[in-house]
1. Could you work out the relative contact order of the chain? I mean the mean sequence separation of Cα pairs under 8 Å and 6+ apart, divided by the number of residues, in percent.
2. Specify the angular offset, from 0 to 90 degrees and rounded to the nearest 10, of the alpha carbon long axis of helix 24-48 from the longest principal axis of the alpha carbons in the chain.
3. Between 0 and 90 degrees, rounded to the nearest ten: what's the tilt of helix 149-175 against the longest Cα principal axis of the chain?
4. Starting with the fewest neighbours, write out ILE119, ILE101, ILE162 ranked by other beta-carbon atoms found within 10 Å of each beta-carbon.
5. Using only Cα atoms, find the angle between the long axis of helix 121-144 and the longest principal axis of the chain, and express it within 0 to 90 degrees, rounded to the nearest 10.
6. Among the listed pairs LYS64/LYS185; LYS57/LYS185; LYS87/LYS110; LYS110/LYS185, which are separated by more than 32 Å between their Cα atoms?
7. Give me SER115, SER137, SER73 sorted ascending by neighbouring Cβ count inside 10 Å, so fewest comes first.
8. Which order results if CYS123, CYS131 are arranged by neighbouring Cβ count within 10 Å, fewest first?
Amino acid sequence: MQNQQQNQNFQGSSQIPDQFSHGGHELLDAHEAVGGLVGGMEQYLLYEQHVQDPELKTMMNKHKTYLTQVYNSIVQTLQTGQEPTVKTQTYNFSQTNNNTIYGMQPSQPKTPAQSVNEINDECITGFMMGCLKANASAFTMAALEATNPVTRRVFADSIPNIIEMAYEVFLYQNRNQYYQVPQLKQQDMQAYINSYAPVQGQMPPH
């Protein structure tokens, strides 16, 4: 009798209205992810007035437009439990040169800005990167244990696009020597590259 009651309860769970088809853990993670997204969007708003380079300002505005659409889609999905009106869009960054500049150039040691007037484009790209990395991590955590398949997919599909935005910021930083990339000695690099070998004798899946 008890098992029959449990089965009935379990079967009844599929009858939950779409707007309530979320687990508690899922909503806590989603709330944190959306809160982080809002924080990033508001930080972009604050930084915009300090941007000097028109290219960076264009990039920032493109990010804000995209992130606003992501925000609207997630909020709609959370409130309805259904597909958002606007499905996840693909973010394409405009830079055609994605070559990384390796090596270190001499530079003065950095110190924290002591006034708002010292906030420059280098600082702002660091803020942008921090926001995007936090969003990518929070979205990943939210997607991993989401019970609502639409919510999971909206978070999961947004992650590669946030990665693209962060990569766009990285390339800009690297090109302007804000983000220098040191390398290991060639023999050390070779040792790391060859420190693992493929498993032999495994048939590829059909």
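Just so it is clear, none of the values below were taken in a lab; they were calculated from the coordinates. These numbers were taken from a predicted model, which means no experiment stands behind them. When we count neighbours, we look across all protein chains shown, and the Cβ atoms used for this are built from the backbone with ideal geometry, even at glycine.
1. Once normalised by length, the contact order is 29 percent.
2. Its long axis makes an angle of about 30 degrees.
3. Roughly 0 degrees, rounded to the nearest 10.
4. Ordered by Cβ neighbours within 10 Å, fewest first: ILE101, ILE119, ILE162.
5. For helix 121-144, the angle is close to 20 degrees.
6. LYS64/LYS185; LYS57/LYS185; LYS87/LYS110
7. With the fewest neighbours first, SER115, SER137, SER73 line up as SER115, SER137, SER73.
8. Final ranking by Cβ density, sparse to dense: CYS123, CYS131.
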